Amino acid sequence: MRIKLDRLDRYITDNSKEIEKGDLFLKTWQNAAFSEEAKKAGADIVTPAQIYENLEIDRLKIIGITGTNGKTTTAAAIYSILLDLGYKTALQGTRGFFINDAKAEEKSLTTPPILQNLYNMNRALEEGCEFFVMEVSSHAIAQKRVESIDFTLKILTNITQDHLDFHKSLENYIYTKNSFFADESLKLINKDEEKAKFNIKNAMTYGVENPATFQVMAYTMKEGLGAVIRFGSEIADFHSQITGLFNLYNLTAAIAAAKIVTNKELKEICETVENFGGVSGRMEVVCGEPLVIVDFAHTPDGMQKVFEAFPGKDIAVVFGAGGDRDRGKRPKMGAVANRYAKKIYLTSDNPRNEKPEKIIEEIYVGINDKEKVKILPDRKEAIKRAVKELKKEEILLILGKGDEEYQIVGDRKIPFDDRRVIREIFMHQDKNGF
């Protein structure tokens, strides 16, 4: 990536192969070995800290959210609340880059490389933004992609198993997540997350089960979500059309974050929550009768949270697991489905360079009641069969891909959208006679 930053009046790049004489080379933890090559090509070497200072990035109030699950929804909810409160705000994460309620960039990495972060933050400043909300992945923490960023607030949603293909062990993964909260910056921690370790200086908490700075005093999940939250002497209630206990945590974190960074009245903040309609591909209702929902859940804990949003209901589920990723979670995903679902349709997710049948076999090991399982490696056929066999009183959950619009097979991205497939099936249901 080679970009022109008007404030510096020079081009900057993090790729030594792109350098033209007079450019700046952004030296990071990942490309430091190429510094000499960059010098020889005529570049001046700069660090992220120098560029952040020169661009006056500290004028932005940066909110970083990390956690295994809930990053995207929590970040989007904070973004929505801040906009409704009248603040110019940018949002960077899994769904892309947004500035003041307009999409500026399409989807990319959850947390982009440092140069892209700098570029996006600079654009946010040029658009007059006061706040910059960003998702922070465990990969980004480990690879120091967020080094030198002066966060106004850091938020932890939860810590469960994921990305062990990269981190090698659950202990390493937990350590990486927690390392984000080891400094003395302002923090907001999920008090109900037992694996959270953090520097208590400048730390606030939110919780449902345990006493916390921001305490959920009561809640209901009838017709969406409703809850009463307390912060000090302030008590307010909020209502939302989205549902699920996990979303209670996400919304509580968002409300708490907005309170911390704006100091607006808790009641005023809570009043904006009903305007947040959720995130595409997260508990997204694609069909109401029968109820068919698409969600991004792709970890054992994420799946469990979705299942638990429908207590006492008969659930059918379609899911698989990503290839070239943490294999250890696959049987655990099967075990969770076995515990909660009446019907299980095992299929392909993003197989990448693995055989879908092999991935499915590893999920299948975790399922005790084999009779409830149907194996259909073709994802479209699996969804079609699940819809065909769905009874009116049952709920169908399509998990793993959320709002993704492609399927990764080998090194190819093949167009595929669970939601579109479902709509097409229902559209042709009568015509096809199933």
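Looking at 340, 406, 345, 364, just one residue is assigned by TED's automatic domain parsing to the domain that holds residue 296 and surrounded by fewer than 15 Cβ atoms within 10 Å (Cβ to Cβ), and that residue is 406.
Of 60, 26, 109, all but one fail to be among the hydrophobic types (A, V, I, L, M, F, W, C), in contact (Cβ under 8 Å) with a residue 60 or more places away in the chain and assigned by TED's automatic domain parsing to the domain that holds residue 136; the exception is 60.
For the range 348-361, give me the residue count where each residue is buried (at least 18 other Cβ atoms within 10 Å of the Cβ) and either farther than 21 Å from residue 406 by Cα or among the β-branched types (Val, Ile, Thr) (or both). Total satisfying the criteria: 2. The range 279-355 holds strands (runs of 3 or more DSSP E) entirely within its bounds, and those carrying 1 or more residues that are in contact with a helix residue (DSSP H, G or I) (Cβ under 8 Å, 6 or more places away or on another chain), of a type in the set (D, E, K, R) and more than 30 Å from residue 98 (Cβ to Cβ) map to 343-346. Evaluation of residue 108 against the conditions (1) out of contact with any Gly (no Cβ under 8 Å at 6 or more places or on another chain); (2) closer than 30 Å to residue 173 by Cα; (3) part of a loop (DSSP other than H, G, I, E, B) shows that the sole unmet condition is (1). With a requirement of 2 or more residues that are touching a Ser or Thr at 6+ places or on another chain (Cβ under 8 Å), the helices (runs of 4 or more DSSP H) lying completely within the range 367-434 that satisfy it span 379-388.
Within the range 117-145, being closer than 26 Å to residue 158 by Cα and in contact with a Lys or Arg (Cβ under 9 Å, 6 or more places away or on another chain) holds for 117, 131, 132, 135, 136, 137, 138, 139, 141.
Only residues that are surrounded by fewer than 23 Cβ atoms within 10 Å (Cβ to Cβ) and either of a type in the set (D, E, K, R) or out of contact with any Ser or Thr (no Cβ under 8 Å at 6 or more places or on another chain) (or both) were counted in the range 249-263, giving 3. Looking only at residues in the range 367-403 that are among the small types (Gly, Ala, Ser) and modelled with pLDDT of 95 or more, the one that is surrounded by the most Cβ atoms within 10 Å (Cβ to Cβ) is 400. Against the conditions (1) closer than 22 Å to residue 327 by Cβ; (2) modelled with pLDDT under 90, residue 147 satisfies every one except (1).
Out of all the residues in the range 251-274, is one or more at positive phi and small (Gly, Ala, Ser)? There is no residue in the range 251-274 that is at positive phi and small (Gly, Ala, Ser). Looking at this structure, is residue 271 over 22 Å from the mean Cα position of the chain (by Cα), assigned by TED's automatic domain parsing to the domain that holds residue 239 and not in a loop (DSSP other than H, G, I, E, B)? Judged against the criteria, residue 271 is a match.
The values are calculated or read from the model by the stated rules, or taken from the named source; none is laboratory data. What you are looking at is a predicted structure, and each value in this text was computed from that prediction instead of being measured. We place every Cβ from the backbone using ideal geometry, glycine too, and count neighbours over all the protein chains shown.
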